Amino acid sequence: MFFFSLMHFFFQSKHFINLLLVFELFSLCVFLFCLCMSNISMNVVGIYFCLVILCLGVCESVMGLSVLVNCSRYSGKKNTKSFSFLSF
């Protein structure tokens, strides 16, 4: 799952919403890896750490969608090549 998202990130990053979905897949992979490692070690602190990672993934998605809405309202374009991130 991680390698699929990595390949999609490098080869098909035309639209900003696709990049946001790939970043969500990255955060899901990190969450599942952390969950598996905390279950293997039988550590309660690891489960709380997994919840922190999940909360940060939700914050990442909210910030990405707000940037997408702001850019589409400002310029009307949703392609990544049409964004100029230095002009914000």
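Derivation of every value follows stated rules applied to the coordinates shown; laboratory data play no part. All figures in this text were calculated on a predicted structure; none of them were measured in a lab. Neighbour counts run over all protein chains shown; Cβ positions are idealised from the backbone, glycine included.
In table form, for the structure just shown:
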{"item": "Hits in segment 7-51 - residues which are more than 28 Å from Cys71 (Cα to Cα) and surrounded by fewer than 12 Cβ atoms within 10 Å (Cβ to Cβ)", "result": "Ile40, Ser41, Met42, Val44, Val45, Tyr48"}
{"item": "Residue in segment 37-77 that is farthest from Glu24 (Cα to Cα), counting only those that are in a loop (DSSP other than H, G, I, E, B) and not polar (S, T, N, Q)", "result": "Met42"}
